[in-house]
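Below is one structure, written out as structure tokens; the observations come after it.
The values are calculated or read from the model by the stated rules, or taken from the named source; none is laboratory data. Here the structure is a predicted model, which is why all the values come from computation and not from measurement. Every residue, glycine among them, receives a Cβ derived from its backbone with ideal geometry; neighbour counts consider all protein chains shown. Accessible surface areas use protein heavy atoms only, side chains included; no ligands, DNA or RNA. Shrake-Rupley method; radii C 1.70, N 1.55, O 1.52, S 1.80 Å.
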Amino acid sequence: MSQVAEASNAPHPDIHAHRLLIVDFGGQYTQLIARRVRECGVYSEIHPWDLSDDDVRAFAPSGVILSGGPESVNLDDPPKVSQAIFELGVPVLGICYGMQSMAAELGGKVEASQHREFGYAEITPGDSGLFGGFSDADSGKPKLKVWMSHGDRVEDVPPGFTVSASSPNSPIAAMEDAERQFYGVQFHPEVTHTLHGDAIMRRFVREICGCPGDWTAGNIVADAIEQVRAQVGDGQVLLGLSGGVDSSVVAALLHEAIGDQLTCVFVDHGLLRHNEGDQVMETFAEHMHINVIRVNAADRFFDALAGESDPEKKRKIIGANFIEVFDEEAHKLEGIEWLAQGTIYPDVIESAGSKTGKAHVIKSHHNVGGLPEDMRMSLVEPLRELFKDEVRKIGLELGLPYEMVYRHPFPGPGLGVRVLGEVRPEHVEKLQLADDIFIDELHKHDLYNKVSQAFAVFLPVRSVGVMGDGRRYEYVIALRAVETIDFMTARWARLPYEFLEHVSLRIINEVDGISRVTYYISGKPPATIEWE
């Protein structure tokens, strides 16, 4: 038995006993708030602002954080939280709109500011249990550099509150009711731009809310193994293995939990990276000794995608075919009762039917969308509560190699959403070769781990090029590389011009049918990281 499996049999803390409720007002940083809480070693969940009184009480949080949001509390019918939140007797932190909503609901006054603040600001903290003692040591003054993003501001604090920080544009930049442990900040402590923001979040989560910090990689693994064993019992589990980080970690976790009860089906749909199919089989079947069945289904997927250019429909087609293949393979095996998937928390939030119910459908994902109603297997999703960075940490805890765990993100539908327009086999092949050159050169030039995500995209447009003595009218490859901490926002990576030139020449010279290479420099926002 491995050390991980032995650890899972030992007593471990209830890692959900102390948890924070994140109330989502539709803010762009809501997921980041939840991640910051978890970085403090405390479990958190995101729920919509209109969560019922009964659901608030049933969640039984150790503390509550009210997120920012795009609305104004002065609308005719603004988003408001359940009054039960203020009656729980636990600390509450309102951030930006969350502070304004708290002020308005508890008897304060909020008005539109004459000077909207978006970006850096400097606040002067007062005597505060939330961030007293934090200051900008370089300036020699008791000030904090923070990140603001608001149009309204609190003009009068509610009864029982005091002003705990101010700025030239926001006389009430923070407020608190120390007796009830209610706190409000006009700025965003969850973003890296706010000086000491991580320390402010940690003070609220660990000290004010009194949470012990049991949400660690080791405890998460032990808890997940225990839950999987309780859920599936002696049942046989089928996992759709893609070779990506999420499914790889699920495979390792399930193998630790249930051993030979796991059968992995690797669907080679023809939309993977260059030579990736052979690499997946080598890693899991040969080295990890996991039972892996390879299904060569490229023709099936290309036939299903023929003529379709809409990105969302392509995702649905790929997802539906994945599930169909799994179901067919399950019927070939005896006693398969469970379908395992690498669904992670952002998939749940960002997809239709998310927990918050308020998020726009940014994308659908084959892990969470398109499951047939008559599917004969039940789902087991051991990563469903985890963010990507947490998945990587438990991957290392399970003994997976660093290179695999910290591989750049790859979309669930594979290259199906990196070939713009209709997905044709010949277009995918060109993209695979171009992408392989790009990634290969990033490794050779020690740049791969200096960017957060890098990949090539096939553009279904032709441009004129000159090769030798002739003109060629061929396709375009776009290169994309970004730097980001949380993938909520990203800036384009400033790769050296000489490097980009070298990659461009290799792609044009080595990939038949490509006459032009471009480098995409839009950030997120306004663009997204992926093209579709």
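Just a few scattered comments:
- Filtered by the rule that a residue be of a type outside the set (A, V, I, L, M, F, W, C), open to solvent by 10 Å² or more (accessible area, probe 1.4 Å) and touching a strand residue (DSSP E or B) at 6+ places or on another chain (Cβ under 6 Å), the range 63-90 gives a lone residue, Ser72.
- So Gly151, is it closer than 16 Å to Pro91 by Cα, touching a residue at least 60 places away in the same chain (Cβ under 8 Å) and out of contact with any Pro (no Cβ under 8 Å at 6 or more places or on another chain): no
- Test: residue in the range 47-54 that is modelled with pLDDT of 95 or more, crowded, with 18+ Cβ neighbours inside 10 Å and under 21 Å from the mean Cα position of the chain (by Cα): no
- Some residue of the range 156-163 being more than 33 Å from the chain's Cα centre (by Cα) and modelled with pLDDT under 80: no
- Scanning the range 180-201 for residues that are open to solvent by 20 Å² or more (accessible area, probe 1.4 Å) and at pLDDT below 95 turns up Thr192, His193, Leu195, His196, Asp198, Ala199.
- Members of the range 492-532 that are of a type in the set (Asp, Glu) and open to solvent by less than 50 Å² (accessible area, probe 1.4 Å): Glu530, Glu532
- Residue ranges of helices (runs of 4 or more DSSP H) in the range 213-310 with at least 3 members of a type in the set (A, V, I, L, M) and open to solvent by less than 10 Å² (accessible area, probe 1.4 Å): 217-232, 245-258
- Residues in the range 169-179 that are more than 17 Å from Phe118 (Cα to Cα) and crowded, with 24+ Cβ neighbours inside 10 Å: Met175, Glu176.
- Among the residues of the range 467-489, those identified as closer than 30 Å to Gly513 by Cβ and either open to solvent by 60 Å² or more (accessible area, probe 1.4 Å) or at pLDDT below 95 (or both) are Met467, Gly468, Asp469, Gly470, Arg471, Arg472, Tyr473, Glu474.
- Only listed residue being touching a residue at least 24 places away in the same chain (Cβ under 8 Å), among the β-branched types (Val, Ile, Thr), outside any helix (DSSP H, G or I) and open to solvent by less than 70 Å² (accessible area, probe 1.4 Å), chosen from Val423, Val391, Val428: Val423
- Hits in the range 94-152 (condition: among the aromatic types (Phe, Trp, Tyr), at pLDDT 75 or above and either open to solvent by 50 Å² or more (accessible area, probe 1.4 Å) or in a strand (DSSP E or B) (or both)): Tyr120, Trp147
- Qualifying residue in the range 408-415 (condition: assigned to a helix (DSSP H, G or I) and touching a residue at least 60 places away in the same chain (Cβ under 8 Å)): yes
- Selection status of Leu433, modelled with pLDDT of 85 or more, aliphatic (A, V, I, L, M) and open to solvent by less than 50 Å² (accessible area, probe 1.4 Å): no
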